[in-house]
Amino acid sequence: MSRYRDAVADILAAADIRIDGDRPHDIRVKNDAFYQRFLKDGRMGIGESYMDGWWECDALDEMFLRFFQSRHAITQQTKSLRFLTTAIQAKIIPEGSAKRAYEIGEKHYDIGLSLYQRMLDKRMVYTCAYWKNASNLDEAQEAKLDLVCRKMKLEPGMRVLDVGCGWGSFAKYAAEKYGVHVTGISVSKDQIELGRERCAGLPIELKYQDYRDLDEQYDRIVSIGMFEHVGQKYFDVFMKTMARSLKDDGLMLLHTIGFNNSNYFNPWLDKYIFPGCYVPSVAQMTKPMEDLLTIEHLQNIGVNYDPTLMAWHENFVRSWPEIAHEYDERFYRMWTFYLLSCAAGFRGRFIQVWQFVLSKKGVPGGYYFDE
């Protein structure tokens, strides 16, 4: 066993992480089987062994920040047999198909409203907030929603399509503040049901529907945090559908998480958090836009996701005693691992959040946005 421990210690040392050290970002190993699992199963093994309680860390986010910053540690983890096998399997079973599109709704968004109601802001926005002039999560999420509305240059009476509408947070804000009519679609039954309750009395229609079934045109289209579930194989289908659904003089805002590297893959996140998820690079997004959509404006707000995730984690931990009876300890550790490891990725600028403003034929005279 010592040779496994020594090998893991060398990998972690390259990231300035010690085994059984006394710093917050050091790890404490509680089961010696962790070392072999770390080496054999790569990123999957790290996540699963944490869920199983085999190791602890007082500052998971800081530990992962150091780990991600170490090229040696990352390289060693992507060599594991299980990583390679899972990556190959993910390519064989395409993410984003019509069948798998509904799977993400069932396995992530339909796991219990009480979790999301306590973890998120009062509007239940489950995407990156905008903290530029905000002091708390509620303010930051409203600032993001308003940023989107202003980029879309919304005017009263416009018909707006919200692709991946969640619990209706954007639809409700846009209808209340800008007087627009919103049609929202989602593949989560729970989201649509609660969204309809929250948006009652407003000019909003929320539908349990896949984007491929859209058959109308709109003045504006907004998609916030849904593109990650489309799947690379279907990027061209998505872009063609959006172009077909947008009026000739319309605008679309596409908000998505993105990686700097076109080949990045996280098997643990794919299995336990977002089944069938594919986070794109800019290169992978722009190719299918050719001859369909013109990029008018592009902003990277990814630095804002770190404080968003940390606020969600704080709310989750504080509220856990109220919802623990609905889940179990393994779920608690899984969700903690998810939130804090992702926060580290955005803090280190390894993961981005892009907001594209798109038109069909180019805005006559140009598109201007002064924040």
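Every read-out reported here was derived from the displayed coordinates using simple, explicitly stated rules and does not represent laboratory data. Just so you know, these numbers come straight off a predicted model, no measurement behind them. Glycine gets a Cβ as well: all are built from the backbone with ideal geometry, and neighbour counts include every protein chain shown.
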Note down the nm distance, to one decimal, between modelled labels 7 Å out along Cα→Cβ at Arg198 and at Asn300.
3.0 nm
Cα-only Rg/Rh for the range 176-275 with Kirkwood Rh rounds to 0.99
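Taking R0 as 35 Å, what FRET efficiency do you get between Asn263 and Glu329 from their Cβ-Cβ distance, rounded to the nearest 0.05? The partial results should precede the final answer.
Values: r = 35 Å, r/R0 = 0.99.
The computed FRET efficiency comes out at 0.50.
Looking at the chain from every direction and averaging, what is the projected area of its Cα convex hull in nm²? Write out the running numbers ahead of the final one.
On the way: hull surface 73.1 nm².
Reported value for the Cα convex hull: 18.3 nm².
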In whole Å, how far is the Cα centre of the range 108-187 from that of the range 228-287?
19 Å
Rounded to one decimal in nm, the spacing of the 7 Å Cα→Cβ label points at Ile111 and Lys40 is 2.6 nm
Just to be sure I understand: with springs between alpha-carbon atoms less than 10 Å apart, which residue in Glu216, Glu155, Glu56 has the highest mean-square fluctuation in the Gaussian network model of the chain?
Glu216
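When the helices in the chain are scored as -39500 (n - 2.57) per DSSP H run of 4 or longer and the sum is shared across all residues, what 222 nm value do you end up with, to the nearest 500 deg cm²/dmol? Please list the in-between numbers first.
Details: 15 runs with 169 residues, N = 371.
Mean residue ellipticity, 222 nm, calculated: -14000 deg cm²/dmol.
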Using just the C-alpha positions of the range 113-200 as equal point scatterers, what log10 of I(q)/I(0) does the Debye formula give at each q in 0.15, 0.18, 0.24 1/Å?
-0.54, -0.77, -1.28
Can you tell me which of Leu309, Leu214, Leu269 moves the most in a GNM of the chain? Springs connect C-alpha atoms under 10 Å apart.
Leu214
Most fluctuating of Arg43, Arg244, Arg318 in the GNM of the chain (C-alpha, under 10 Å) is Arg318
